[in-house]
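Just below is one structure, and these are the notes that go with it.
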Amino acid sequence: MSNDTQSPGPNSPHNAQLEVHPGWVRSGQDGTPGQKAYYINLEAKPGNGNKVEQFLRDILAGVEQEPGTGPWFGTRFSDTTFGIFEAFPDTAARNAHDVGPGGQNFLRSAELEEMLAYPAHVYRLDVMFGKFSTLFGKKIA
């Protein structure tokens with residue numbers, strides 16, 4: 001894994017504080033009221049795309065147990081570029097996810113180091129608005 005803590009993908013303003021952890025970094029503010037989300041950018045080393053895909057499946061199995069996490073999407077942009085978008089009703093639910101069965105996967109630092117070209121970048125987001133009544137063309141009850 002590169003020693004550079006800035007992965008490709010959206011970049012926070014230069015004055016933004018970057019929290020550095022083994023295998024991942026986090027940026028963005030916390031503590032404001034309202035709905036919250038994470039966008040997580042993961043760039044696999046060549047030939048490790050299947051490992052990253054399995055890592056996303058492991059996270060999904062964990063978030064299925066978290067009542068405050070959802071919607072949750074694991075995405076693939078290319079053979080090596082992956083993402084996660086996950087939303088939460090508030091900061092408390094996002095913080096619960098961090099220590100819950102889904103978020104705990106990011107403690108697998110040796111595995112992250114082995115499969116990622118850069119530390120995973122976890123972006124904290126505020127959800128301003130959205131469409132919640134339809135998912136993949138189907139109305140949600």
| query | With 29, 6, 65 as the choices, which residue is at pLDDT 95 or above, over 23 Å from residue 131 (Cα atoms) and open to solvent by 60 Å² or more (accessible area, probe 1.4 Å)? | reply | 65
| task | Return a yes/no flag: does the range 48-59 have any residue that is open to solvent by less than 60 Å² (accessible area, probe 1.4 Å), assigned to a loop (DSSP other than H, G, I, E, B), of a type outside the set (A, V, I, L, M, F, W, C) and under 16 Å from residue 111 (Cβ atoms). | result | yes
| said: Anything in the range 71-123 that is small (Gly, Ala, Ser), open to solvent by 10 Å² or more (accessible area, probe 1.4 Å) and part of a strand (DSSP E or B)? List them, or say none. | reply: 74, 87
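Any chance you could count how many residues in the range 124-139 are of a type in the set (Lys, Arg) and either part of a loop (DSSP other than H, G, I, E, B) or closer than 24 Å to residue 28 by Cα (or both)? Full working, then the answer.
Here is the first cut: in the range 124-139, the ones of a type in the set (Lys, Arg) are 124, 131, 138-139.
The next check asks that each one be either part of a loop (DSSP other than H, G, I, E, B) or closer than 24 Å to residue 28 by Cα (or both); those that pass are 124, 131.
Total satisfying the criteria: 2.
Give the range 122-139 a look and list any residue that's in contact with a Phe, Trp or Tyr (Cβ under 8 Å, 6 or more places away or on another chain) and under 16 Å from residue 35 (Cβ atoms), or say none.
Quick first cut of the range 122-139, residues in contact with a Phe, Trp or Tyr (Cβ under 8 Å, 6 or more places away or on another chain) only: 122-125.
123, 124, 125 - these are the residues of the range 122-139 that are in contact with a Phe, Trp or Tyr (Cβ under 8 Å, 6 or more places away or on another chain) and under 16 Å from residue 35 (Cβ atoms).
The values are calculated or read from the model by the stated rules, or taken from the named source; none is laboratory data. Fair warning: this is a prediction, and the values are worked out from it, not measured in the lab. Cβ: placed from backbone, ideal geometry, glycine included. Neighbour counts: every protein chain shown. Areas reflect the complete protein model, heavy atoms only, side chains present, ligands, DNA and RNA absent. Shrake-Rupley method; radii C 1.70, N 1.55, O 1.52, S 1.80 Å.
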